[in-house]
Amino acid sequence: MKREDNLTMGSISRRDFLKRSMGAGLAGGVILTGMDKVALASTGEPVGTFIDLTKCDGCPGKDTPACVAACRTTNQHKFPEPAADDIANYWPQKKHEDWTDKKGLTSRLTPYNWTFVQKVEVEHEGTAHEVSVPRRCMHCDNPPCVKVCPFSAQEKRPEGPVVIDDELCFGGAKCRDVCPWGIPARQAGVGLYLKLAPQLAGGGVMYKCDLCYDRLEQGKLPACIEACPNAAMQIGGQAQMLEAARARAAEIGGYVYGEKENGGTSTFYVSPVPFEKVHKALMEQKQGQENPQAPSFPGMPVNAENFLESANGLAISLLVAPVAGIVGAGAAAYRTMKGQGEDGAPPASGGDPERVPEREGNDE
Ligand code: SF4
Ligand code: SF4
């Protein structure tokens with residue numbers, strides 16, 4: 001995705017996008033699932049999604065849930081392709097994150113798997129509930145991942161999705177550290193750092209769900225929503241999705257997740273059991289894993305705070321802003337040169353201020 005796409009969204013304007021999307025029933029005012037179409041009043045607001053956990057059954061009998069399989073197939077052209085077999089470590093560390101030999105992994109988030117389904121059993125009011133939770137980026141309203149990126153490689157698009165520009169990302173993974181769910185996943189051996197300062201800067205590129213932004217541009221549904229055999233996911237105007245989630249929660253005496261978390265998101269889950277219990281069960285499940293400290297197996301912390309609202313977050317975002325300007329200008333210059341066919345030495349970047357020393361090696 002290109003920076004100027006913020007204004008023009010590739011070859012079509014935002015106005016065209018909304019027009020096309022409205023025509024296809026994707027933007028504000030229309031709720032769509034993979035199975036049915038329900039026309040509501042038009043608002044033209046950013047899109048949101050509603051995931052009804054009473055309808056998601058985790059696709060029993062399938063090796064890979066339909067949404068996960070569809071996401072992997074649809075987005076494979078965006079997945080990383082490291083050129084080298086022997087990817088260098090992150091200086092000065094002695095490790096790097098390489099998922100190329102685990103491309104088939106569907107039980108967690110990776111650079112090659114942008115959504116997965118967590119399954120937990122939760123007791124509530126004397127009844128045992130099996131809860132299947134499709135997980136991916138929540139596409140937050142005020143995403144800290146965007147604000148702490150010194151390269152301005154992440155962007156909250158006006159249409160709702162939070163998108164990483166894989167041509168600008170240095171893979172420092174700060175975005176993952178400040179995400180309450182640790183969503184972005186890193187692949188080393190790809191990205192701009194290899195061209196700018198492979199020995200001094202960067203760790204690869206971060207990857208995550210982009211809400212199938214390219215499909216939205218074409219007036220199509222996100223692949224996972226289209227693929228769901230139970231119509232457990234809907235997309236429509238953000239406010240309408242929240243309204244739909246609240247209505248469903250009221251109907252079943254259930255609970256909404258995603259409205260307040262991280263300061264607000266555009267993804268709303270509804271569950272018949274409290275999310276405190278879902279989170280606890282997820283954390284217990286995580287403790288049983290080989291590396292319980294690894295990210296990319298998110299919990300569902302209720303009222304998760306937005307990092308930017310902390311004193312640290314504010315200070316870091318203020319510190320990052322000028323660095324982002326300088327490095328962003330260098331990266332933009334590089335891209336201009338590349339566009340002119342001068343794939344030579346780019347402006348010096350001066351290291352990777354985004355580096356996160358405490359995160360070591362392959363986060364499995
Ligand atoms: S869920 Fe995490 S990665 Fe996605 S927008 Fe929110 S903070 Fe960023
Ligand atoms: S919206 Fe698209 S990219 Fe995101 S999880 Fe669904 S299929 Fe994958």
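Only the coordinates and a few stated rules stand behind these numbers; no lab work does. These numbers were taken from a predicted model, which means no experiment stands behind them. We place every Cβ from the backbone using ideal geometry, glycine too, and count neighbours over all the protein chains shown.
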Relative contact order %, segment 110-244, counting alpha carbon pairs below 8 Å whose residues are six or more apart
20
In what sequence, highest mean first, do 263-275, 238-250 appear when ranked by Cβ atoms within 10 angstrom?
263-275, 238-250
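Trypsin sites (Lys or Arg not before Pro), restricted to segment 56-122: which are DSSP loop and have at most 12 other Cβ atoms within 10 Å?
Working: sites: Lys62, Arg72, Lys78, Lys94, Lys95, Lys102, Lys103, Arg108, Lys119; in loops: Lys62, Lys94, Lys95, Lys103, Arg108.
Within segment 56-122, the qualifying trypsin sites (Lys or Arg not before Pro) (loop, at most 12 other Cβ atoms within 10 Å) are Lys62, Lys94.
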